[in-house]
1. Given the conditions (1) at pLDDT 95 or above; (2) farther than 22 Å from GLU139 by Cα; (3) touching a helix residue (DSSP H, G or I) at 6+ places or on another chain (Cβ under 9 Å), report the number of the one that ASN92 does not fulfil.
2. Working carefully through the options SER122, SER102, find the one that is polar (S, T, N, Q), touching a residue at least 40 places away in the same chain (Cβ under 8 Å) and not in a helix (DSSP H, G or I).
3. Looking at this structure, is GLY158 assigned to a loop (DSSP other than H, G, I, E, B), modelled with pLDDT of 95 or more and under 16 Å from the mean Cα position of the chain (by Cα)?
4. When you go through ARG28, ARG19 one by one, which is the residue that is under 14 Å from the mean Cα position of the chain (by Cα) and over 25 Å from THR176 (Cβ atoms)?
5. Considering each of ALA162, ALA148, ALA81 in turn, give the residue that is in contact (Cβ under 8 Å) with a residue 60 or more places away in the chain and aliphatic (A, V, I, L, M).
6. Can you spot a residue in segment 98-112 that is over 25 Å from SER131 (Cα atoms) and at pLDDT below 95?
7. SER66 is checked against (1) assigned to a helix (DSSP H, G or I); (2) closer than 30 Å to LYS143 by Cα; (3) without any contact (Cβ under 8 Å) to a residue 12 or more places away in the chain and fails just one. What number does that condition carry?
Amino acid sequence: MKVVIVLGYNCNCEEIVGRVETGIAVFRKIKADYIVFSGGATLPNTTTTEAKFMAEYAIKRKIDKSRIILEEESLDTIGNAYFSRKILEKLNIKPELVVVVSSCYHMKRVRYIFTKVFGRSSNLVFEYCFSVNNRKMAELEEKKLKRALNFFQNLEDGDLSAIEEKLFTQHELYKTKPKI
């Protein structure tokens, strides 16, 4: 089974559309079984999740609804990885291949986080990204990577229970949320 995971972006702009277009192209190219759109409600004053926005766009691009999985709990890249893994496990989907799609400037951190959450034995691919000129976000990436390195310090790759414990007790975005 092959799965494509497309990471959201907190705007309804060129960048999120570019990620979805890249994800759709990969989904078709590798003949994936499912496409996961990952992203919660990160925009102020909105209840629409990034995942729902991406799914609606994909459906307009003729992606079969039954092959779309929405991950709507995540509020950052760590959440994208954690909640995507959790939803795949809940649906009893055991992919032999997981292709993660984001923006190119984001992929170094995405690779690190998804490897920590899914574990090194997972067949993860990070080759597909949307190239965008977003200097502001690119500059923030080093700081965000350092925060991710700090978060996962002393955690074994793929140890979901330890990651979950730390996520819901120490991560600012999730420590007040109930576990799913």
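1. ASN92 satisfies all of (1) at pLDDT 95 or above; (2) farther than 22 Å from GLU139 by Cα; (3) touching a helix residue (DSSP H, G or I) at 6+ places or on another chain (Cβ under 9 Å) except (3).
2. SER102
3. Yes.
4. ARG19
5. After ruling out the rest, the residue left standing is ALA148.
6. No; the residues of segment 98-112 include none that is over 25 Å from SER131 (Cα atoms) and at pLDDT below 95.
7. (2)
The values are calculated or read from the model by the stated rules, or taken from the named source; none is laboratory data. These figures come from a predicted structure and were not determined experimentally. Don't worry about glycine lacking a Cβ; one is built from the backbone with ideal geometry, like all the others, and counts go over all protein chains shown.
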